[in-house]
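The values are calculated or read from the model by the stated rules, or taken from the named source; none is laboratory data. As the structure is a prediction and not an experimental result, all values here were calculated from the model. When we count neighbours, we look across all protein chains shown, and the Cβ atoms used for this are built from the backbone with ideal geometry, even at glycine.
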């Protein structure tokens, strides 16, 4: 699922690999201007076909970068040798993150 990330000097997009109300880990294209400790705002919309796996349909809020790391070749599902280098980005959310559209199962 896609993630939009805003920060003081710009914005980035990425693909979510793991998400919870505590934070998100995503892949973004390199180069990545973000550094550990930097404040960010994230917005993630859960695609309709995946909403059964989550207690929310959208999550948005502020957080800070915990980790920025290169994603080694061979660790990406469906990897194409022509893919650009990817960066793994871990963001911890602040306690006031908002989970919208709670889904009842």
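In the range 1-80, which strands (runs of 3 or more DSSP E) lie fully inside it and hold 1 or more residues that are at pLDDT 80 or above and over 20 Å from residue 98 (Cα atoms)? So that I can check it myself, show each step before the final result.
Working: elements: 2-7, 10-19, 23-29, 39-45, 58-70.
Qualifying strands (runs of 3 or more DSSP E): 10-19, 23-29, 58-70.
Would you please name the residue that is surrounded by the most Cβ atoms within 10 Å (Cβ to Cβ), looking only at residues in the range 39-53 that are over 12 Å from residue 5 (Cα atoms) and in contact with a strand residue (DSSP E or B) (Cβ under 8 Å, 6 or more places away or on another chain)? Reasoning before the result, please.
First, the residues of the range 39-53 that are over 12 Å from residue 5 (Cα atoms): 45-53.
Okay, now just the ones that are also in contact with a strand residue (DSSP E or B) (Cβ under 8 Å, 6 or more places away or on another chain), so 45-46.
Values: 45: 15, 46: 22.
It comes out as 46.
Tally up the residues in the range 32-53 that are in contact (Cβ under 8 Å) with a residue 40 or more places away in the chain and out of contact with any helix residue (DSSP H, G or I) (no Cβ under 9 Å at 6 or more places or on another chain), please. Working first, answer last.
Residues of the range 32-53 that are in contact (Cβ under 8 Å) with a residue 40 or more places away in the chain, as a first pass: 32, 34, 40, 42-47, 50-52.
Then drop every residue that is not out of contact with any helix residue (DSSP H, G or I) (no Cβ under 9 Å at 6 or more places or on another chain), which leaves 32, 34, 40, 42-45, 47, 50-52.
Looking only at that region, the number is 11.
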